[in-house]
């Protein structure tokens, strides 16, 4: 069995970069460190998989932010669509070509 941990770590790092770029709850914009979204990126990386739709990844990402921050801070699901689009690109890029 192949150890998937390096792939998860790479995916988690990519998702963290996506979250910092989009900064859905403006933590980075307000001066938080670049690893502020590390816990969220880790749980999202564990929940997503290649082949998922943008809608599925949007729902997972939004649910994680609601879990970590509550629904008022997380905001509406539409805020997470562009984030999900970028995560799906990461999933496609990291997918094993075999």
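Name the most mobile residue of 31, 51, 14, meaning the one with the largest mean-square fluctuation, in a Gaussian network model of the chain with Cα contacts below 10 Å.
31
Of (i) 2, 14, 26, 26, 17, 8, 4, 1, 0; (ii) 3, 13, 24, 22, 16, 11, 6, 3, 1, 0; (iii) 2, 9, 11, 12, 12, 11, 11, 9, 7, 5, 3, 4, 3, 1, which one was derived for P(r) over Cα pairs in 5 Å bins from 0, in percent from the structure shown?
The calculated read-out lines up with (i).
Going by how many other beta carbons lie within 10 Å of each one, how would you line up 27, 91, fewest first?
Fewest-to-most Cβ neighbours within 10 Å comes out as 27, 91.
Springs between alpha-carbon pairs under 10 angstrom, Gaussian network model over the chain: which of 49, 74, 32 fluctuates most?
32
In degrees between 0 and 90, to the nearest 10, how far off the longest principal axis of the chain does helix 5-22 point, with axes built from Cα atoms?
30
Give, as ranges by residue number, the residues of the stretch 33-66 whose backbone N falls under 20 Å from the point 7 Å along Cα→Cβ of residue 78.
Within reach of a label on residue 78, which here means backbone N under 20 Å from a point 7 Å along Cα→Cβ, the stretch 33-66 contributes 54-66.
Compute the relative contact order of the chain as a whole-number percentage, counting only Cα pairs closer than 8 Å that sit 6 or more residues apart in sequence.
For the chain, the relative contact order is 33 percent.
What's the angle, to the nearest 10 degrees (0 to 90), between helix 38-47's Cα axis and the longest principal axis of the chain?
The answer is roughly 50 degrees.
Each reported figure results from applying straightforward, stated rules to the coordinates on display, with no laboratory input. Being a predicted model, the structure only gives us computed values, none of them experimental. Cβ atoms come from the backbone with ideal geometry, glycine included; neighbour counts cover every protein chain shown.
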